[in-house]
Amino acid sequence: MKPDAPSLTDSNRLSALLRVFPVLRELDADLQNRLTHSLQWMSVPSGGSLFATGERCRAFPLLLSGEIQVVRSTPDGHEIELYRIVPGESCIVSTSCLLGEATYPARAQALQDVMLASLPQDLFDTLIATHPPFRHYVFGLFAERMALMIQRVEEVAFRSLTRRIASLLLTSSEDHLHTTHEKLAAKIGASREAVSRVLKKMEGTGCISLRRGCIVVANRRRLALEA
């Protein structure tokens, strides 16, 4: 991920940033000046990497557009999606790394073309210490994300793979889900092979039908019984 070259649109970008992150609107003159001159604007194409496992975190990302997926790799080569970030939300992996001066324990990639502002660590630290609205925003979302991740751990530990897959399929209002077994496995924290076996069994019961790159919900009532 590389900074964009300076452009005449930076003032427009700053206005957009303040709309998406209203907690930054009421900074005093000194902090507003530091914010204006220290932000780095980043653009990442869909599929591009934002950070990798083991890299040092040096800035706090403020997402203006697009969607980011944060993924953790397991020792056996499988991956699990930890969470996704949309505009206005924060990355708790970045938060924890900045506060703990640690390296990234996961990686992040753009699911759509991404535009973000990168807030350097020194200004992040200053805002946390001196600007209560920003501090409440960061730690409020941190608490929400942690609660969701704990719920995710409980699901992986205590709910059967069949129930997790059925519940996930039922959350979509569409009957045709364009996804792969590998992507589905990453989303629910399981191996692709195990997911494929369960999907094949579910197809045998008439809940779903499988097509290349697509899972079709054939009987929602029967699928609900699996969840």
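Pull up segment 138-167, narrow it to residues that are closer than 13 Å to Leu223 by Cβ and touching a helix residue (DSSP H, G or I) at 6+ places or on another chain (Cβ under 6 Å), then point me to the one that is surrounded by the most Cβ atoms within 10 Å (Cβ to Cβ).
Across segment 138-167, the extreme among qualifying residues is Ile165.
Of all residues in segment 87-104, which are surrounded by fewer than 16 Cβ atoms within 10 Å (Cβ to Cβ) and in contact with a strand residue (DSSP E or B) (Cβ under 7 Å, 6 or more places away or on another chain)?
Thr103
Per-residue answers, yes or no, for (1) under 15 Å from the mean Cα position of the chain (by Cα); (2) more than 28 Å from Glu55 (Cα to Cα); (3) at pLDDT below 95:
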{"position": "Glu101", "(1), (2), (3)": "no, no, yes"}
{"position": "Ala106", "(1), (2), (3)": "yes, no, yes"}
{"position": "Leu123", "(1), (2), (3)": "no, no, no"}
{"position": "Phe142", "(1), (2), (3)": "yes, no, yes"}
{"position": "Arg164", "(1), (2), (3)": "no, yes, yes"}
{"position": "Leu170", "(1), (2), (3)": "no, yes, yes"}
{"position": "Asp175", "(1), (2), (3)": "no, yes, yes"}
{"position": "Thr179", "(1), (2), (3)": "no, yes, yes"}
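Return the residues of segment 69-84 that are in contact with a Phe, Trp or Tyr (Cβ under 9 Å, 6 or more places away or on another chain) and among the aliphatic types (A, V, I, L, M); say none if nothing qualifies. It would help to see each step written out before you state the result.
Restricting attention to segment 69-84, the residues satisfying the condition of being in contact with a Phe, Trp or Tyr (Cβ under 9 Å, 6 or more places away or on another chain) are 69-70.
Correct list: Val70 only.
Condition first: in contact (Cβ under 8 Å) with a residue 60 or more places away in the chain and under 25 Å from Pro45 (Cβ atoms). Now tell me which residues in segment 100-129 satisfy that.
Scanning segment 100-129 gives Gln109, Ala110, Leu111, Gln112, Asp113, Val114, Met115, Leu116, Ala117, Ser118, Leu119, Pro120.
Taking the residues in segment 72-84 that are in contact with a helix residue (DSSP H, G or I) (Cβ under 9 Å, 6 or more places away or on another chain) and closer than 15 Å to Leu141 by Cα as candidates, determine which candidate is surrounded by the most Cβ atoms within 10 Å (Cβ to Cβ).
Leu82
Just name the residue that is nearest to Gly213 (Cα to Cα) out of those in segment 168-190 that are small (Gly, Ala, Ser) and touching a helix residue (DSSP H, G or I) at 6+ places or on another chain (Cβ under 6 Å).
Ala185
Scan segment 24-43 for residues that are surrounded by 14 or more Cβ atoms within 10 Å (Cβ to Cβ), part of a loop (DSSP other than H, G, I, E, B) and basic (Lys, Arg) and jot them down.
Correct list: empty.
Of the residues in segment 58-88, how many are in a loop (DSSP other than H, G, I, E, B), without any contact (Cβ under 8 Å) to a residue 60 or more places away in the chain and under 26 Å from Leu35 (Cβ atoms)?
Qualifying residue count for the region: 3.
Name the residue that is nearest to Ile68 (Cα to Cα), counting only residues in segment 89-115 that are polar (S, T, N, Q) and in a strand (DSSP E or B).
By that ranking, first place goes to Gln109.
Quick one: which residue in Thr180, Thr171 is surrounded by fewer than 18 Cβ atoms within 10 Å (Cβ to Cβ), out of contact with any Pro (no Cβ under 6 Å at 6 or more places or on another chain) and either in contact (Cβ under 8 Å) with a residue 24 or more places away in the chain or closer than 30 Å to Cys57 by Cβ (or both)?
Thr180
The values are calculated or read from the model by the stated rules, or taken from the named source; none is laboratory data. Computed from a predicted model, the values in this text were never measured in an experiment. We place every Cβ from the backbone using ideal geometry, glycine too, and count neighbours over all the protein chains shown.
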